[in-house]
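The structure under discussion appears below in the form of structure tokens.
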Amino acid sequence: RVKTQLAEKEVLLEGWGGNVPFQAISALNGQGIPEILELILLVADMEELKADTSAPAEGVIIESHTNPQRGIVATLIITNGILRSGDFIVIESIYGKIKSLEDFQGKAIKEATFSSPVLILGLPSVAPLGEKFIAVSDKKEAEKLVQENLVKISEKESGASQESESTDKPILNIILKADVAGSEEALNNMISNLNFTNVATKIVKSGASDIDESDIKFADATKAIVCGFKVKIPSSLRMQAENLGVKVITEDIIYNLVDTIKEELKSLVKPEIERVLIGKLNVLAVFKQLPNGDQIIGGKVTSGIAKKGVVADIIKDSGKIGKGKITRLQQDKVESPEVVQGRECGILFTPLEPKDIKIQIGFTLEFYEEKALPVELK
């Protein structure tokens, strides 16, 4: 059955039309273990697989979690070089100093060479599974590598952002932190489904641990918000996030967190503007044009009302030629919030589109009140 499933994934074993060697083994009674070890050595020899003991240690994260007694624990596979206790390792946007190094039997060791699985302590947060790591000898070099990685991530996200802008669909980047892996997986699925025709979500990082400094730095680099479910964040770190302009949302109820994310999505959608015609004015006089482009004009309200602060379309020969705003309004040389139909008034008019338009006698101004309609996720 397993061979059939592998073939369905285009992994063809020897004897099944492919060249991938295999060996049946049993962890219960040790059957096939000597054979698999010999096979590994044979494949390494035939493929000329080599490593450099003088190179900085490199490898892959295969497991990471928070241990209540020991803190952040990570299991690594070293693919090149030699990893030593006390080395700094860099994983994407985080780095840490190895405080403890153990072999696959849980025995404390000073160093481990390539092809070795090791368990380490010393990371500041749970590392993403499958991510590559590199070891360096000092903190300064580790910080430099993290900054370079953050720049690359930022450039990648910027490209993705530009792509989303080209499709007129904003995307909300999210860093998700949860108390346990089960909650993280459930929230990942729920948030990934928050994709609408006018806005979408993208989880750029997630993990099962408390919110830490690397999350805030990563959010700053990727223009993301940090969402935490049943996790903690130190008050000093929350203040740091505020200073950077990074929004942090924490909730203990899963649906409250999802609802809050929906509100954040709504804030990215440009609201539709409803315009209501409230009045018209016939321009009877143009008194002065100010250096900033504003004009002082006079006219008579022919219908509805003229109102201070509203937007006005400029009409010439029944066609709209521009747009502006009623900055000040006077009636009988006295400041007034509005002027009703049939009355004359003076207006300080601020052109908006185009900025250099000049109102002339005989033009008509149509006054509108603009109201933003409630945003809906479609």
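Rule-based calculations on the coordinates, nothing more; no lab input. In this text the structure is predicted, and so the values were computed from the model without any measurement. All Cβ positions, glycine included, derive from the backbone under ideal geometry; neighbour counts span all protein chains shown.
If the elastic network links every pair of Cα atoms under 10 Å, which of Gln360, Gln289, Gln31 fluctuates the most in the Gaussian network model of the chain? Comparing Gln360, Gln289, Gln31 in a Gaussian network model of the chain, the most mobile one is Gln31.
About the centre of its Cα atoms, the chain shows a dipole size close to 1860 debye [charges on the beta carbon of Lys, Arg (+1) and Asp, Glu (-1) only; nearest 20 debye].
Given springs between every Cα pair under 10 Å in a Gaussian network model of the chain, which of Ala186, Ala208, Ala241 has the largest fluctuation? The residue that fluctuates most here is Ala186.
The residues neighbouring Leu365, those whose beta-carbon lies less than 9 Å from its own, together hold a net charge of -1 under the Lys/Arg +1, Asp/Glu -1 convention. For the range 225-378, averaging the sequence separation of C-alpha pairs within contact (under 8 Å, six or more residues apart) and dividing by the residue count gives a relative contact order of 27 percent.
Taking 0.36 nm per residue of separation and subtracting the Cα-Cα distance, full extension of the segment from Lys230 to Gln31 would add 67.2 nm.
Global size of the range 78-154: 12.4, 40 Å for Rg and Dmax (C-alpha atoms, Rg to one decimal, Dmax whole). Averaging 1/r over every pair of different alpha carbons in the range 1-82 and inverting the result gives a Kirkwood radius of 16.1 Å. Here is the P(r) of the chain: all C-alpha pair distances, binned every 20 Å from 0, give 20, 34, 25, 14, 7, 0 in whole percents.
Dividing the alpha-carbon radius of gyration of the range 173-252 by the rule-of-thumb value 2.2 N^0.38 Å gives 1.04.
Given the Cα-Cα distance of Leu39 and Gln5 and 0.36 nm per residue of separation, how much length would full extension add, in nm? Contour length minus the Cα-Cα distance gives 10.0 nm.
Think of the chain as a dipole: +1 on every Lys or Arg Cβ, -1 on every Asp or Glu Cβ, centred on the Cα centre; then among Ala224, Ile40, Leu101, Ala224 lies furthest on the positive end. Taking a point 7 Å from the Cα of Thr66 along the Cα-to-Cβ direction, the residues of the range 109-128 with backbone N closer than 12 Å to it are 125-127.
Only the Cβ atoms of Lys and Arg (+1) and of Asp and Glu (-1) were treated as charged; on that basis the dipole of the range 66-107 about its Cα centre amounts to roughly 160 debye.
Of all the options Glu38, Glu141, Glu185, the one that moves most in a Gaussian network model of the chain with Cα springs shorter than 10 angstrom is Glu38.
Summing +1 for each Lys or Arg and -1 for each Asp or Glu among the other residues whose beta-carbon sits under 14 angstrom from that of Leu348 gives +4. Taking label positions 7 Å along the Cα-Cβ direction at both Lys99 and Lys169, the computed distance is 4.5 nm, reported to one decimal.
For the range 324-378, the residue among Pro337, Leu348, Phe367 whose Cα projects farthest onto the positive side of the dipole built from Cβ charges is Leu348. With a cut-off of 13 Å between beta carbons, the residues surrounding Asp210 carry a summed charge of -1, where Lys and Arg count +1 and Asp and Glu -1.
Pick out, from Asn292, Ile321, Gly279, the residue whose Cα sits farthest towards the positive end of the charge dipole of the range 230-378, with +1 on the Cβ of Lys and Arg and -1 on the Cβ of Asp and Glu. Final value for the positive-end residue is Asn292. If I take all pairs of Cα atoms in the range 253-378, what percentage of them are more than 20 Å from each other? Here the long-distance tail beyond 20 Å is 49 percent of all Cα pairs in the range 253-378. The mean sequence separation of alpha-carbon pairs under 8 Å and at least six residues apart, normalised by the residue count of the chain, gives a relative contact order of 10 percent. Estimated at 0.36 nm per residue, the fully extended path between Ser267 and Lys110 surpasses their Cα-Cα distance by 51.3 nm.
Of all lysines in the structure, those lying under 25 Å Cα to Cα from Lys355, and not within fewer than 8 positions of it along the same chain, are Lys270, Lys280, Lys288, Lys300, Lys307, Lys308, Lys316, Lys320, Lys323, Lys325, Lys371. Placing a pseudo-label 7 Å from each Cα along the Cα-to-Cβ vector at Lys320 and Asp259 gives an inter-label distance of 3.9 nm. For the range 164-300, the relative contact order comes to 22 percent (Cα pairs under 8 Å, sequence separation of at least 6).
So if we plug the beta-carbon distance of Val20 and Glu274 into 1/(1 + (r/R0)^6) with R0 = 45 Å, what FRET efficiency do we get, rounded to 0.05? Using R0 = 45 Å, I get an efficiency of 0.10.
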